[in-house]
Amino acid sequence: MTRTPSADRVRTSTICCAALARAPWAAQGRVDRPPARARRCTLSADTFDSAAAAAARPAPRWRTALLRAAPALGLFAAARLAGLLVMAGWAWHIGRSPRMLVARAWDSDWYMLIAEHGYGRVLRWPDGSVQSDLAFFPLYPGLLRGVTTLLPVTSGTAGLLLSWSAAAAAAWGIYAVVERLSGRRIATAVVLLWGLLPHSIVLSMAYTEPVLTAFAAWSLYALLTRRWVWAGTLATLAGLSRPNGIAVAAAVLAVAAYEVSKAYRRGERPGWRIWTGAAVAPLGWCGYVLFVGFRKGDPLDGYFAVQRGWNSRFDFGIGALKVVRDIVLRPAMFPPVVALLIVAAAVVLFVLFALERPPLAVFVYTIVLVLITVGGSGFFESKPRFLLPAFPLLLPVARVMTKARPSAAVVVTVALAGLSFAYGTYLVTLSPLAP
């Protein structure tokens, strides 16, 4: 039988130690300091024992989790890279800069200017409307400024580095949440579908959706694993990222309220961690809303007045229904029509998702995102982008795909990829409306 190298080292160490015991200097009682050759032999045995103990030590849990998620993350990266290359090829074909399109277009430019010069930019339009940069939440421009301070890069490059890193972290967080709920196959399918959504090109742009989704997914995972302080802290960061980041805080508060009431019914006292997580969760969103309110002279309505300047308000869907009426009765541009179809599909998917009776944290998070999207007015063409963080809506589709024949799943995936790459390229290079 072939002897392994580790077995040879054990045998050598054993022989060496036995020889030490029979050595003349040991018989003479000089055991306090053996000769150099004997010391090297002892050191060899100790070193081998340390190496064997290190090899037997289990790998960190995060590394094991990352290895489990690696196939899904690889598929997500391949999908987004392919979509970015298709867009870049078309942009070069029509004489436009792909980097400028993904780094400084539409909302990206507002964030870059806030990072470079601080808040204070205002646009006044002939119809009397006023658009202030206070409508944009502060975490992303703050991170941009931090990156440009530490690295010799421009704001646009910093934005892309942040968004791409956040998209990867979000994909991993989505995988972790769905794997805990439904297993590895469905988790992999959800991550791939998330990377192939019609508006997933936004995940490759200097936008805030990847950042929000990363904080949201890991906050939900912390809730599912009962890490209350982590859940609340990540909810605070999500609330500082985007207006609809309040959905994460709502999930934390709902789960905390349920667990506290359950504990009191059992005659127990909830621990300090759950109280801390619940108290911290809404601080980011509420803090910025109050900051803008005080700056505008109206603590409670100041921020919402800024949003109304952008024609953005929550009116329980009245404004959205007017847009739908116009789309049906009059010729409409392509992006609002696609947005209508995607929002309608999202509502259907939410019903299917709710019928599966998901955990409270995931349900509350998803329903708040859907309500904000459907019930809000303004920028109807951007509603699919607002739904990007609502990844649990993809669970029903992922279940069907994992149960279908492999050939059918491949055909559906290829069709989704073609739609995503083509429509994403159109949104960034040709659309007259913001994605």
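The values are calculated or read from the model by the stated rules, or taken from the named source; none is laboratory data. What you are looking at is a predicted structure, and each value in this text was computed from that prediction instead of being measured. As a convention, Cβ positions derive from the backbone with ideal geometry for all residues, glycine included, and neighbour counts pool all protein chains shown.
List of remarks:
- Checked against the criterion of being in contact with a Phe, Trp or Tyr (Cβ under 6 Å, 6 or more places away or on another chain), of a type in the set (A, V, I, L, M) and either in the same structural domain as Val306 (by TED's automatic domain parsing) or more than 27 Å from Ala332 (Cα to Cα) (or both), the candidates Val370, Val364, Val348 yield just one match: Val370.
- Single condition Leu290 does not satisfy, out of (1) over 23 Å from the mean Cα position of the chain (by Cα); (2) free of Cβ contacts under 8 Å to residues at least 24 places away in the same chain; (3) more than 30 Å from Pro384 (Cα to Cα); (4) exposed (fewer than 15 other Cβ atoms within 10 Å of the Cβ): (3)
- Here the condition is being of a type in the set (Asp, Glu), buried (at least 20 other Cβ atoms within 10 Å of the Cβ) and in the same structural domain as Ala82 (by TED's automatic domain parsing); of Glu179, Glu116, it holds for Glu179 alone.
- The single residue among Thr157, Thr149, Thr213 that is assigned by TED's automatic domain parsing to the domain that holds Leu81, touching a helix residue (DSSP H, G or I) at 6+ places or on another chain (Cβ under 6 Å) and not charged (D, E, K, R) turns out to be Thr213.
- Among (1) under 30 Å from Gly142 (Cβ atoms); (2) at pLDDT below 95; (3) in contact with a Leu (Cβ under 7 Å, 6 or more places away or on another chain), the one test that Asn311 misses: (3)
- Looking across region 240-255, the residues that are over 12 Å from Val368 (Cβ atoms) and either crowded, with 24+ Cβ neighbours inside 10 Å or not assigned by TED's automatic domain parsing to the domain that holds Gly159 (or both) come down to Ser241, Arg242, Val255.
- Only one entry in Ala170, Ala79 is in contact with a Ser or Thr (Cβ under 6 Å, 6 or more places away or on another chain), under 30 Å from Thr225 (Cβ atoms) and of a type in the set (A, V, I, L, M, F, W, C), namely Ala170.
- Comparison of Ala82, Ala72, Ala45, Ala78 shows that the only residue that is hydrophobic (A, V, I, L, M, F, W, C), modelled with pLDDT of 90 or more, outside any loop (DSSP other than H, G, I, E, B) and buried (at least 16 other Cβ atoms within 10 Å of the Cβ) is Ala72.
- Complete set of residues in region 100-113 that are surrounded by 14 or more Cβ atoms within 10 Å (Cβ to Cβ) and over 22 Å from Leu416 (Cβ atoms): Leu101, Ala103, Arg104, Ala105, Trp106, Asp107, Ser108, Asp109, Trp110, Tyr111, Met112, Leu113
- Criterion: within 30 Å of Gly297 (Cα to Cα), crowded, with 16+ Cβ neighbours inside 10 Å and out of contact with any Pro (no Cβ under 8 Å at 6 or more places or on another chain) - qualifying residue of Leu144, Leu123: Leu144
- Selection count where residues are more than 24 Å from Leu369 (Cα to Cα) and crowded, with 18+ Cβ neighbours inside 10 Å, scope region 403-427: 4
- Residue list for region 311-320, filter: in a helix (DSSP H, G or I) and surrounded by 13 or more Cβ atoms within 10 Å (Cβ to Cβ): Gly319, Ala320
- Residue in region 130-143 that is at pLDDT below 95 and in contact with a helix residue (DSSP H, G or I) (Cβ under 8 Å, 6 or more places away or on another chain) present: yes
- Selected residue [over 21 Å from the mean Cα position of the chain (by Cα) and assigned to a helix (DSSP H, G or I)] from Ala361, Ala332, Ala344: Ala344
- A count restricted to region 113-132 and to residues that are part of a loop (DSSP other than H, G, I, E, B) and in contact (Cβ under 8 Å) with a residue 60 or more places away in the chain stands at 1.
- Qualifying positions in region 93-117 - on the phi > 0 side of the Ramachandran plot and modelled with pLDDT of 95 or more: Gly95
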